[in-house]
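Peer 1: Pasting a structure here, questions to come.
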Amino acid sequence: MVNREPEKSEIRDLSFEELASYLESIKEPPFRAGQVFKWLYEQGVWSFADMKNLSQGLRSRLDQDFILKPNTVASQVTSRDGTTKFLFDLADHQKIETVLIPTAERVTACISTQAGCKFGCKFCASGLGGWERNLTSAEILDQVLHVRGVVRGLPPEANKRERRLSHIVFMGTGEPLDNLANVLKAIRIINSPQGLNIAARHITISTVGLIPKFKELAEQGIQFELAVSLHGYDDASRNVLMPINKQYPIKELIAACREYIKRTNRQVTFEYILIAGLTCTDKAARELGRLLRGMICKLNLIPCNPVSEFGHQPPTKEQIRAFTNGLDAVGVHYTLRRPRGQDVAAACGQLRALARKSVNT
Ligand code: SAH
């Protein structure tokens with residue numbers, strides 16, 4: 001008979017409370033939970049042996065009971081604009097992407113929540129190979145810790161201010177609301193002063209619009225930002241790009257967003273992809289004005305990153321200007337996102353898709 005050890009859990013899959021109750025169960029004093037959390041998230045150590053202020057006995061006990069293992073970096077590329085893209089190889093060899101985006105004002109990590117994606121948006125490379133599995137909260141946190149480690153190694157800015165990982169966006173591969181429990185568990189640790197201590201307002205969850213999860217989101221009592229991928233102005237235009245619109249039509253989505261804004265007293269950001277001749281038209285600007293009138297919201301315009309499988313092209317500067325003039329005319333507030341990391345295929349799931357292609361051919 002084979003005597004198999006029971007499967008160990010990753011220690012970063014434990015919330016603070018879960019860690020505290022484990023430590024209590026092995027008769028450790030309550031302050032140990034804070035110490036272990038500090039090592040994991042403030043210091044970001046990758047082994048129990050490095051947790052210097054714990055007794056030797058406790059370090060070995062933790063090592064016996066838990067796994068603490070960083071994801072392996074399969075590749076890492078930095079683009080001319082400083083955007084760095086990481087491809088991680090997980091324990092079961094699933095590949096996930098994480099992007100570090102430093103700008104003058106902020107340092108952002110773009111985090112994946114699933115290996116692959118179920119939603120098949122017709123411009124996004126993440127959905128090309130389908131969905132594989134949810135990421136655990138340890139795998140989500142690991143991406144953040146990894147990027148933070150890299151940021152800590154960056155030279156200070158010109159004014160000698162140390163660079164700090166300031167913003168987290170759940171805009172990598174996958175749908176955060178389709179893996180909500182693990183995403184929320186990770187967010188609590190990212191936000192907690194005992195964890196990574198990143199302000200909730202600097203954490204953005206981006207969703208295709210899974211309406212039934214909005215209520216749960218609103219009830220969390222954490223002031224994170226909600227971004228909703230809109231990408232259309234009515235059912236016909238949204239159906240073309242986002243198959244999920246057949247399940248949750250745009251009017252229901254907007255109603256759910258209004259309800260969310262009312263419940264949380266927070267604004268919602270709508271993401272809107274600019275594709276030449278398709279989404280970036282005079283009619284679209286007019287209809288967006290009608291759709292979003294009176295809402296406490298912001299419209300984030302994202303010139304599309306071309307993915308060869310879809311054949312979409314971003315509009316020219318002039319076409320974008322004509323579109324934003326149209327938005328001005330109907331009184332919609334917008335921001336225009338600058339494309340980053342294009343020279344290293346840092347756009348939305350492209351690196352992972354490339355890695356899959358090179359495995360499959
Ligand atoms: N599933 C979530 C989060 C991942 S996508 C969501 O859909 O919101 C994060 C953002 O990147 C979304 O707004 C998505 O529409 C955008 N995106 C994906 N592929 C893109 C591309 N090729 N060009 C520009 N934006 C893209």
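The values are calculated or read from the model by the stated rules, or taken from the named source; none is laboratory data. Here the structure is a predicted model, which is why all the values come from computation and not from measurement. Methodologically, a virtual Cβ is constructed for each residue, glycine included, from the backbone with ideal geometry; neighbour enumeration extends over all protein chains shown.
Peer 1: Among the numbered criteria (1) surrounded by 18 or more Cβ atoms within 10 Å (Cβ to Cβ); (2) free of Cβ contacts under 8 Å to residues at least 12 places away in the same chain, which single criterion is violated by Lys262?
Peer 2: Evaluating Lys262 over (1) surrounded by 18 or more Cβ atoms within 10 Å (Cβ to Cβ); (2) free of Cβ contacts under 8 Å to residues at least 12 places away in the same chain leaves (1) as the failure.
Peer 1: Do we find that Ala186 is more than 14 Å from the ligand (Cβ to nearest atom), more than 22 Å from Asn245 (Cα to Cα) and surrounded by 21 or more Cβ atoms within 10 Å (Cβ to Cβ) in this structure?
Peer 2: Working: more than 14 Å from the ligand (Cβ to nearest atom): yes; more than 22 Å from Asn245 (Cα to Cα): yes; surrounded by 21 or more Cβ atoms within 10 Å (Cβ to Cβ): yes.
Yes, satisfied.
Peer 1: Right, next: What is the residue count in region 270-323 for residues that are under 24 Å from the mean Cα position of the chain (by Cα) and without any contact (Cβ under 8 Å) to a residue 12 or more places away in the chain?
Peer 2: Residues meeting the conditions: 2.
Peer 1: Whether any residue in region 310-330 is of a type in the set (D, E, K, R), farther than 19 Å from Leu230 by Cβ and assigned to a loop (DSSP other than H, G, I, E, B) is what I want to check.
Peer 2: no
Peer 1: For the structure I just gave you, tell me whether Ala91 is loosely packed, with under 15 Cβ neighbours inside 10 Å, in the same structural domain as Glu175 (by TED's automatic domain parsing) and within 23 Å of Leu184 (Cα to Cα).
Peer 2: Criteria met by Ala91.
Peer 1: Can I ask one more? May I ask you to list the residues in region 101-132 that are within 13 Å of the ligand (Cβ to nearest atom) and polar (S, T, N, Q)?
Peer 2: Selection gives Thr108, Ser112, Thr113, Gln114, Ser126.
Peer 1: Is it the case that some residue within region 169-186 is part of a loop (DSSP other than H, G, I, E, B) and over 18 Å from Thr269 (Cα atoms)?
Peer 2: yes
Peer 1: For region 105-155, how many residues meet the condition of being without any contact (Cβ under 8 Å) to a residue 12 or more places away in the chain and more than 24 Å from Val73 (Cβ to Cβ)?
Peer 2: 1
Peer 1: Which of the residues belonging to region 198-242 are more than 15 Å from Phe270 (Cα to Cα) and among the charged types (D, E, K, R)?
Peer 2: Listed by number, the residues that qualify are Arg201, Lys213, Lys215, Glu216, Glu219, Asp235.
Peer 1: Can you list the helices (runs of 4 or more DSSP H) lying wholly within region 214-306 that have 3 or more residues being in the same structural domain as Arg337 (by TED's automatic domain parsing) and within 15 Å of the ligand (Cβ to nearest atom)? Lay out the reasoning, then the answer.
Peer 2: Numbers: elements: 214-218, 235-241, 244-247, 250-264, 282-292.
Hits in region 214-306: 235-241, 244-247, 250-264.
Peer 1: Output the residues belonging to region 19-34 that are within 32 Å of the chain's Cα centre (by Cα) and over 13 Å from Gly195 (Cβ atoms).
Peer 2: Within region 19-34, the subset within 32 Å of the chain's Cα centre (by Cα) is 19-23, 31-34.
Correct list: Ala20, Ser21, Tyr22, Leu23, Phe31, Arg32.
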